[in-house]
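This report concerns only the one structure given below.
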């Protein structure tokens, strides 16, 4: 059992295991902090900056991203001060400038009382939270996609902007994206993710297309089981 | 190519932590990061190709396109800007028939603009293959270009 620390969030005394982040501790205590890039399956990253909170340690109060700041004994956290809300409003305005249509962003903007962004809107869609890239790396373990460029040219990219050789077409990036930026469809035994086609495997018993061939090959590789073992869908096994 | 890449990687004891120095060495060897070399590095070090692409596009020191034999960097900082660097930029672009940031098709010249070289007193500055030319003018850039390349036509008067 991890060592417990005691901190206060919005005046409430909270116990949390050492090593957890403020966001996790707050969520466990039913205190809502808006966030977009944090995902409990992934390592803390701190990209979207929506989860900013004000902390007081000793005399100074400062702003930190709660999704990457670890809890400590005697830490005082405020999640709703004017300073915090100001920063969050600015952050959501910046995010809206990349994508001012998506309901998830609109909802957070509404909660913060932001109607429109004051910045010129460049409809990019992607908000660069990096969940797709991190999921591919940390959860799936293939690292088929990554970022390219930096600053204003930064975007999620396949190597050389071409067909990603390591991709197993699992669709995890599609699933995890908070703004549904990566399109995926399945048609006539082909799964298409962001314009790239991957053939699907027909179940050897019922004949239904049930998974991308490359994903099954990957399963076979990491489990050291023959490929035939995976060519039957779960329902028929 | 395989042996050359292997040699570079062995120099760093196949340590993934030295990705950037390895890529720098690869770039020095081939003048840019070519696809084949990156694929070999990826295979030798068991680093996903996406990560190498990420590094290659992140750092300005790396180039995924072939670079010219001569590298020209024109400072466009404030001090240089007010001393008419934009005109010199236009001139170099016209003479080389490329835009800033591009390489001539014969791979002789790569021309780039940089934001500030920190030597404003010498402005306007043009760096050619690591050599700093201060207080340049359009005619001086023409002379420099003439000296470097027979293939470059300069029909302008000096």
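Coordinate-derived values only; no laboratory data. Quantities reported herein were computed from a predicted structural model and do not represent experimental measurements. Positions of Cβ are backbone-derived with ideal geometry, glycine not excepted, and every protein chain shown enters the neighbour counts.
Going by neighbour counts of Cβ atoms within 10 Å, the residues B:122, B:74 line up, fewest first, as B:122, B:74.
Comparing A:85, A:23, A:95 in a Gaussian network model of chain A where C-alpha atoms under 10 Å apart are linked, the largest mean-square fluctuation is found at A:85. Oblate is the label for the protein assembly as shown, because a/c, from the alpha-carbon gyration tensor with a ≥ b ≥ c as root eigenvalues, is 1.5 or above and a/b does not exceed b/c. Entry note, chain A: the mean residue ellipticity at 222 nm calculated from DSSP H runs of n ≥ 4, each adding -39500 (n - 2.57), is -6000 deg cm²/dmol after division by the residues and rounding to the nearest 500.
Using a simple spin-label model with pseudo-atoms 7 Å out from Cα toward Cβ, residue B:6 and residue A:138 lie 3.7 nm apart. Residues of segment B:1-24 with an amide N closer than 13 Å to a point placed 7 Å from the Cα of residue B:71 along the Cα-to-Cβ direction: B:24.
Calculated FRET efficiency, residue A:185 to residue A:155, Cβ-Cβ distance, R0 = 25 Å: about 0.70 to the nearest 0.05. Ranked by how many other Cβ atoms sit within 10 Å of their own Cβ, fewest first, the residues A:198, B:32, B:53 fall in the order B:32, A:198, B:53. I'd like the distance separating the alpha-carbon centroids of segment B:58-113 and segment B:31-46, in whole Å. The distance from the Cα centre of segment B:58-113 to that of segment B:31-46 comes to 27 Å. What's the angle, to the nearest 10 degrees (0 to 90), between helix A:103-112's Cα axis and the longest principal axis of chain A? Approximately 0 degrees, to the nearest ten.
Only beta bridges with both residues in the protein assembly as shown are counted; by DSSP, about 85 percent of them are antiparallel. Under the criterion of Cα pairs below 8 Å and six or more residues apart, the relative contact order for segment B:70-148 equals 39 percent.
Counts of other chain beta carbons within 10 angstrom of each beta carbon in peptide B:57-63 average 3.
Please determine, in degrees from 0 to 90 and to the nearest 10, the orientation of helix A:213-223 with respect to the longest principal axis defined by the Cα atoms of chain A, where the helix direction is its Cα long axis. The two axes meet at around 80 degrees. Full extension of the segment from residue A:194 to residue A:59, taken as 0.36 nm per residue of separation minus the current Cα-Cα distance, would add 43.6 nm.
Stretching the chain fully between residue A:72 and residue A:121 yields a gain of 13.7 nm (0.36 nm per residue, less the alpha carbon separation).
Among B:66, B:86, B:48, the largest mean-square fluctuation in a Gaussian network model of chain B (Cα springs under 10 Å) belongs to B:48. Taking the C-alpha atoms only, the angle from helix B:85-96 to the longest principal axis of chain B is near 70 degrees. Taking the Cα centroid of segment A:1-61 and of segment A:78-142, what is the distance between the two, rounded to the nearest whole Å? Their Cα centres are 19 Å away from one another. Computed over chain A, the P(r) tail beyond 31 angstrom holds 38 percent of alpha carbon pairs. What is segment B:2-58 by shape, rounded, prolate or oblate, if you read a ≥ b ≥ c off the alpha carbon gyration tensor as root eigenvalues and call it rounded for a/c under 1.5, prolate for a/b larger than b/c, and oblate otherwise? Note, shape of segment B:2-58 comes out rounded.
What FRET efficiency would be calculated for the residue pair residue B:114, residue A:83, taking the C-beta separation as r and a Förster radius of 45 Å, to the nearest 0.05? According to the calculation, E is roughly 0.75. In terms of other Cβ atoms within 10 Å, A:115, B:140, B:73 run from fewest to most in the order A:115, B:140, B:73. For segment B:32-148, the antiparallel share of DSSP beta bridges with both residues in that region comes to about 55%. Within the listed set A:118, A:150, A:88, the Gaussian network model of chain A (springs between alpha-carbon atoms below 10 Å) gives the highest mean-square fluctuation for A:150. Share of pairwise Cα-Cα distances greater than 21 Å in segment B:70-148 is 16 percent (whole percent).
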